[in-house]
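Remarks on the structure that follows.
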Amino acid sequence: MASIGIDIDLDVSNVALPIGVSFFTFQNISYLMDVYRKEVDSQKNLIHLGLYISLFPQLIAGPIVRYIDVFKEIKNRVVTKDLFVSGISRFIGGLAKKVLIANTAGLIADKAFSIHPDELPSSLAWLAILCYTLQIYFDFSGYSDMAIGLGRMLGFRFKENFNYPYISQSIQEFWRRWHISLSTWFRDYLYIPLGGNRKGQFRTYTNLIIVFFITGLWHGASWNFVVWGLYHGFFIILERVGLISFPDKLWFLRRMYLLLVVVVGWVFFRIEDMEIALLFIKKMFSFSEGSNYYPLMYLDRFTYFMLLTGILFCMPIKQYIGSKLNSLIVSIPFKTTLKYAAYTMLFVFTILELAQTTYNPFIYFRF
């Protein structure tokens, strides 16, 4: 700028990016790639293309919706009564996940993570990361459920984004269940174009490292996210090589292994300072005492109940309860009325909780 006589001091290190920039960037890339591959025709109508790019239900918090999955509904969609009602119930369920479970767990996690690891007792360090484990899942899956629900109300059928990832028995299975729209995006638009597993073991592992490096970077321009991505990629390679395996009879060991790896990995995801993250992990496994028990004052009956509810709903308990109710309740009208009443009560309780609390974080502003 000085060469043309204009003296402007630009600080490019603090450029503000739009919320959810990574979501709609990946959506646009998928559109360009699918058109380039001739898997779908280019959209000639500027309004229809703009609708896809700015589709508000999932624009800032996912899931990543591909043009090839919704282009027919953009041009011609039908909103039926059943679809609209299912959208409402799905939205209410997602809102409850976010407000009742994720926020409750997140408050405990935030209070504990604000304390230096040296001051925390090991028990509180474990409580903090377990609460964050619940928060990140129910926050993200809650937003996905709300987006899917809003989409149904508008006539769109978005694909599922989570499938109970914490009941997985390997990191490979975890990524087939966690943030499905992102993992399949990387598979189809990065891993397979790089050669996938078709060019030998060394190339396969190299491709996996590249994919998980980019996966970490996608979540934020910070080294802790890159470490988190490479950490998961490392365990996936160990599983593929066969260095981590358990007999079928020891399925519970596979699940304990998965939960341990994922929970420790969330430490790198949550703490940006790598030195502090390593100190936190050290505190978790040192089983030592600390001097600061301040976060425990936020534990009450409501918090305990919500944390227990969160643990239960990490498993397909809803389907189990639904099947039992279906076998007990024969009358269809009564069953429908009971379902609507339950969702209405859940919605009212969620709104009351949202109105009385001042803690409602949006953790995706970095994505």
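Mean projected area of the convex hull spanned by the Cα atoms of the chain, taken over all viewing directions: 25.4 nm². Diffusion of segment 81-298 by Stokes-Einstein, at 10 °C in a medium of 1.306 mPa s and with Rh set to the Kirkwood radius over alpha-carbon pairs, works out to 84 µm²/s. Scaled against 2.2 N^0.38 Å for its residue count N, the alpha carbon radius of gyration of segment 138-198 is 1.31. Per residue, the average separation of C-alpha pairs within less than 8 Å and at least 6 apart gives segment 14-75 a relative contact order of 49 percent.
Each stretch of four or more DSSP H residues adds -39500 (n - 2.57); spread over every residue of the chain, this sum gives -20000 deg cm²/dmol at 222 nm.
With the Cα gyration tensor of segment 40-99 giving a ≥ b ≥ c as the square roots of its eigenvalues, does the rule (a/c under 1.5 for rounded; else a/b larger than b/c for prolate; else oblate) give rounded, prolate or oblate?
Verdict is oblate for segment 40-99.
Normalised by the number of residues in segment 76-216, the mean separation of alpha-carbon contacts (under 8 Å, six or more apart) gives a relative contact order of 25 percent.
Each label was represented as a point 7 Å from its Cα along the Cα-to-Cβ direction; for E289 and T337 these points are 6.0 nm apart. Which of the pairs K97/K335; K44/K159; K38/K199; K44/K72 have their Cα atoms more than 18 Å apart in this structure? The pairs that break the limit, which is 18 Å between Cα atoms, are K97/K335; K44/K159; K38/K199. Reported value for segment 14-75: 94 Å³ per residue, from the convex hull of its C-alpha atoms. Could you check how many percent of all C-alpha pairs in segment 211-311 are farther apart than 15 Å? Across segment 211-311, Cα pairs with separations above 15 Å total 73 percent. The stretch between V264 and E173, if pulled fully straight at 0.36 nm per residue, gains 31.0 nm over its current Cα-Cα span. Taking every alpha-carbon pair in segment 90-144 and binning the separations at 10 Å intervals from zero gives 29, 43, 21, 7, 0 percent.
Quick note: the coordinates plus some simple rules give every number you see, no bench work behind them. As the structure is a computational prediction, the values presented were derived from the model and not from experiment. Neighbour counts are summed over all protein chains in view; Cβ atoms, including those assigned to glycine, are modelled from backbone coordinates with ideal geometry.
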